[in-house]
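Quick notes on the structure that follows.
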Amino acid sequence: MSTTAAVEITGLVKRYGERTAVDGLSLTVPAGGVTAVLGPNGAGKTSTIEVCEGYRRPDGGTVRVLGLDPVRQAAALRPRIGVMLQSGGVYSGARAEEMLRHMARLHAHPLDVDDLIERLGLQSCGRTTYRRLSGGQQQRLALALAVVGRPELVFLDEPTAGLDPQARRATWDLVRDLRRDGVTVVLTTHHMDEAEQLADDVAIVDAGRVVAQGSPETLCRGGAENTLRFTGRPGLDLASLLKALPPESAAVELTPGSYRVSGTVDPQLLATVASWCAQHGVMPDGISVERHTLEDVFLELTGKELRG
């Protein structure tokens, strides 16, 4: 990814009456990569994205998208960005292919419409009006409309919500192609595996603020208590094993024949455990390295209670 910022948000505040949805949020989106914005319902992520898109005015702070103010300089910004909303934004009576070709004609160098229709599986519904499309078809059309103009930056709000596995994979492939072509992608999603698969950078938002940001690997490593597990015969000499391991390591027999080693789990520790087992005539079974997933980190930071 480029070190240049495509989006710079500093101290953003957005209120709805007496409720503060975004409370001093600061976020930088690097250019040329995929940034996933995660958060529970009501965390403020959609309001933040809508301010960046120019659909809402901030009540405080500063927002720059491609160096421009999304409200005051909207006319200059809009031809350079693509927007996929969670719902709406498409004329309900327009036919799918008709709308897509119309959108393409509004841009100087659009993507090939026929190719986009094929990639997103819209061939069978091209003459169907938007309001008669299934939920999944509406999602795929909204995605096509967001990217057909070759934007420099595209905002995707829950792009795979309601999609079947095939359409979901096609969407992932399209997002990867956008990144390969240098397009900056900002997506909100509730699918942790989607963020892990696609995102170069992840921002977790809660109570109107960014509570953590980094690559999926960094976030998972930072919050993880890495452990290695294996099974063998009961009653192994763990004191001997500990002498071979780094000083900060620990080893315990959880149940007869089931062992857990914790500490800095890396290739060297894995090799040390395997070598120790070989030296002591132990045939370890089911050696596995356990790490926190992005979902684990998300729940640790935002809590496990249900949100409305």
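The values are calculated or read from the model by the stated rules, or taken from the named source; none is laboratory data. Every value quoted in this text rests on a predicted model; they were computed, and no experiment measured them. Here the Cβ is made from the backbone with ideal geometry for all residues, glycine too, and neighbour counts use every protein chain on show. Ligands, DNA and RNA are stripped out before the accessible areas are found, and what is left, the full protein with its side chains, is counted by its heavy atoms. Shrake-Rupley method; radii C 1.70, N 1.55, O 1.52, S 1.80 Å.
Spin-label model, ARG78/GLN268: points 7 Å from Cα along the beta carbon direction are separated by 5.8 nm.
Given an 8 Å cut-off on Cα distances and at least 6 residues of separation, report the relative contact order of the chain as a percent.
Value for the chain: 19 percent.
Would you work out the relative contact order for segment 125-221, in percent, from Cα pairs under 8 angstrom that are 6 or more residues apart? Relative CO of segment 125-221 lands at 20 percent.
The distance separating the Cα centre of segment 141-202 from that of segment 1-71 comes to 18 Å.
Can you list, bin by bin at 10 Å, the percent of alpha carbon pairs in segment 104-200, starting at 0? The calculated distribution, bin by bin, is 15, 51, 30, 4.
How big is the antiparallel share of DSSP beta bridges in the chain, given as a percent to the nearest 5? Working shown, then result.
Values: 35 of 52 bridges.
Restricted to the chain, the bridges split so that about 65 percent are antiparallel.
For the chain, which DSSP H helices look membrane-span-like by this rule: Cα extent along the axis of 15 Å or more and mean Kyte-Doolittle of at least -1.0? Going by DSSP H runs, the hits are 135-147, 267-279.
Using only side-chain charges placed at the Cβ, +1 for Lys and Arg and -1 for Asp and Glu, the dipole size of the chain relative to its Cα centre rounds to 960 debye. Placing a label point 7 Å from the Cα of GLU305 along the Cα-to-Cβ direction, none of the residues of segment 45-64 has a backbone N under 17 Å of that point. Taking label positions 7 Å along the Cα-Cβ direction at both ARG15 and ASP237, the computed distance is 7.0 nm, reported to one decimal. Here the alpha carbons of the chain define both size measures, Rg and Dmax, at 24.1, 74 Å. Using a cutoff of 8 angstrom between alpha carbon atoms and counting only pairs six or more residues apart, the relative contact order for segment 28-115 works out to 13 percent. Here ILE287 and THR218 are evaluated by their C-beta separation; at R0 = 25 Å the FRET efficiency comes out at 0.50.
If you average 1/r over every pair of different alpha-carbon atoms in segment 203-244 and take one over that average, what Kirkwood value in Å do you get?
Numbers: mean 1/r = 0.0714 Å⁻¹.
About 14.0 Å, per the Kirkwood formula over Cα pairs.
Our Cα-only numbers for segment 203-308 put the radius of gyration and Dmax at 17.4, 56 Å.
Stretching ALA207 away from GLN86 to a fully extended chain increases their span by 41.5 nm, per 0.36 nm per residue minus the current alpha-carbon distance. Multiplying each eigenvalue of the alpha-carbon gyration tensor of segment 66-105 by 5 and taking the square root yields semi-axes of 25, 12, 8 Å, largest first, rounded to whole angstroms. Over all distinct Cα-Cα pairs of segment 129-288, the Kirkwood formula returns a hydrodynamic radius of 19.6 Å. Accessible surface comparison of LYS14, LYS243, probe 1.4 Å, protein chains only, largest first: the order is LYS243, LYS14. Considering all C-alpha pairs of segment 1-62, those separated by over 13 Å amount to 62%.
Calculated on the Cα set of segment 1-125, radius of gyration then Dmax: 16.8, 48 Å. Between ARG105 and GLN166, the modelled labels are 3.2 nm apart [label points 7 Å from Cα along Cα→Cβ].
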